[in-house]
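Take a look at the structure set out below.
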Amino acid sequence: MQKFATDNIANIHKSVLLDESITGLSPVEDGVFVDATMGLGGHTKSLFEACNCKSRIIGMDVDESAIEIARERLSGHKEHIEFVNKNFINIDKSLEELGIKEVDGIIADLGMSSFQLDHSGKGFSFNKQEPLDMRMDPSLQFTAYDLINEMDINELIHIFKTYGEERFAKNISRAIVKNRATKPIQTSSELAALISNSIPRKFHPKRRHPATKSFQALRIAINNELDNLKIFVEKSVKLLKPGGRLVIISFHSLEDRIVKRLFRKMASPCICPHDLPVCSCGKIPELKIINKSPITPGENEIEDNPRARSSKMRIGEKI
Ligand SMILES: C[S@@+](CC[C@H](N)C(=O)[O-])C[C@H]1O[C@@H](n2cnc3c(N)ncnc32)[C@H](O)[C@@H]1O
């Protein structure tokens, strides 16, 4: 892992919707909070400041390198922080192991950090010649290399179409299958060029690389990100104290849809069919939705950090 001066870290990854998310958590002194995607610790650091450094924070990340950097950056808070190098789907077990039954707030800033994009060496970036890995958790079985070189064409089309909402999913998948018949596709730059050449030039987006959506789709598939998100949201709400908040920042329309639907389901009082005269499910709402529409970054933030452009934040409060 590359070493960075801790005062440089804020420039390597700019935390998205920082003020809005920390305010959204409703921080209290002497509370217990979870940053489920600690990354380089930007949100954790601000949360400590908002609690006058008196709360306890559990910082989770599936990527060990991120934990190492955050550990150094947050060394001034070491009495109040626990680092947990696990997937956030294990939030319940991880808290149980620490003897914590309920918490005051949970934040998740989904996806990957700019550090992972630029410095992980795992092939997340189409601008780099790196091996196709894309696993945030190195213990996962399949890499991007396996998917790209072994997956059936229909499965490839499904991934690019569903997770990437890529209009040229078929062209891209056909080109992959044709190229890998001669020689395996080995690097991120090789794959990016192939994807780029499969999309007619007049459809190349102006502000981003033509392979952006396909790379995002592969990452989502390899890391099982959508299923993990569902499990995480359901477990998190159960772990909140009444009045505790869950804040989720997403960067993909499918992720935002999952959060929106789960929040609505948990906020709804009754799930009986509409034509049933009397409620038979007995369901009571467990969540209050704080913002009906997602919170998005302002122009200034987008200008300062273009990566923030697609972010959407939703906040729920345990009833
Ligand atoms: C956008 S970054 C978080 C940046 C952080 N909020 C900051 O301000 O520095 C997302 C982080 O979530 C981690 N991550 C993604 N999926 C995860 C999961 N299922 N469980 C735990 N961590 C995950 C990634 O490894 C990455 O470090």
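The values are calculated or read from the model by the stated rules, or taken from the named source; none is laboratory data. What you see is a predicted model, and the numbers here were worked out from it, not measured in a lab. When we count neighbours, we look across all protein chains shown, and the Cβ atoms used for this are built from the backbone with ideal geometry, even at glycine.
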Task: Hits in region 219-252 (condition: closer than 23 Å to G123 by Cα and hydroxyl-bearing (S, T, Y)) - done: S250
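Residue-by-condition table, conditions (1) under 21 Å from the mean Cα position of the chain (by Cα); (2) assigned by TED's automatic domain parsing to the domain that holds I290; (3) among the β-branched types (V, I, T):
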| site | (1), (2), (3) |
| --- | --- |
| L17 | yes, yes, no |
| A36 | yes, yes, no |
| K45 | yes, yes, no |
| M60 | yes, yes, no |
| S75 | no, yes, no |
| H80 | no, yes, no |
| F88 | yes, yes, no |
| I91 | yes, yes, yes |
Open item on the list: For the list (1) more than 16 Å from the ligand (Cβ to nearest atom); (2) on the phi > 0 side of the Ramachandran plot, I need the number of the one condition that G111 fails.
Closed with: (1)
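When you check V247 against the structure, is it within 16 Å of the ligand (Cβ to nearest atom), outside any strand (DSSP E or B) and surrounded by 13 or more Cβ atoms within 10 Å (Cβ to Cβ), yes or no?
Criteria not met by V247.
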- [ ] Quick one: which helices (runs of 4 or more DSSP H) lie wholly within region 160-236 and hold at least 3 residues that are more than 17 Å from E255 (Cβ to Cβ)?
- [x] 169-182, 188-198
Open item on the list: Step by step: first the residues of region 125-159, then only those that are farther than 20 Å from F251 by Cα and of a type in the set (V, I, T), then the one that is surrounded by the fewest Cβ atoms within 10 Å (Cβ to Cβ). Which residue is that?
Closed with: I153
Open item on the list: Among (1) assigned to a helix (DSSP H, G or I); (2) farther than 26 Å from E96 by Cα, there is one condition K283 misses while meeting the rest; what is its number?
Closed with: (1)
Open item on the list: Condition first: among the small types (G, A, S) and more than 14 Å from the ligand (Cβ to nearest atom). Now tell me which residues in region 90-104 satisfy that.
Closed with: G99
- [ ] Please identify the pairs in which a residue from region 48-73 that is within 9 Å of the ligand (Cβ to nearest atom) has its Cβ atom under 8 Å from the Cβ atom of a residue that is of a type in the set (D, E), counting only partners at least 6 apart or on another chain.
- [x] M60/D35; V62/D137; D63/D137; I67/D61; A70/D61
Open item on the list: So K122 passes all but one of these: (1) surrounded by 23 or more Cβ atoms within 10 Å (Cβ to Cβ); (2) part of a loop (DSSP other than H, G, I, E, B); (3) away from the ligand (no atom under 16 Å from the Cβ). Which condition number does it fail?
Closed with: (3)
Task: Residue in region 77-89 that is nearest to K235 (Cα to Cα), counting only those that are within 16 Å of the ligand (Cβ to nearest atom) and of a type outside the set (F, W, Y) - done: I89
- [ ] May I ask you to say which residue of D104, D63 is buried (at least 21 other Cβ atoms within 10 Å of the Cβ) and either basic (K, R) or at pLDDT below 95 (or both)?
- [x] D63
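Every residue, every condition in (1) within 18 Å of the chain's Cα centre (by Cα); (2) on the phi > 0 side of the Ramachandran plot; (3) modelled with pLDDT of 95 or more, yes or no:
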| residue | (1), (2), (3) |
| --- | --- |
| S120 | yes, no, no |
| N127 | no, no, no |
| E130 | no, no, yes |
| M136 | yes, no, no |
| F142 | no, no, yes |
| L147 | no, no, yes |
| M151 | no, no, yes |
| L156 | no, no, yes |
| T162 | yes, no, yes |
Open item on the list: Which condition from (1) in contact with an Asp or Glu (Cβ under 9 Å, 6 or more places away or on another chain); (2) within 13 Å of the ligand (Cβ to nearest atom) is the one that L117 breaks?
Closed with: (1)
- [ ] Report, by residue number, each residue of region 281-291 that is exposed (fewer than 10 other Cβ atoms within 10 Å of the Cβ) and more than 20 Å from S236 (Cβ to Cβ).
- [x] G282
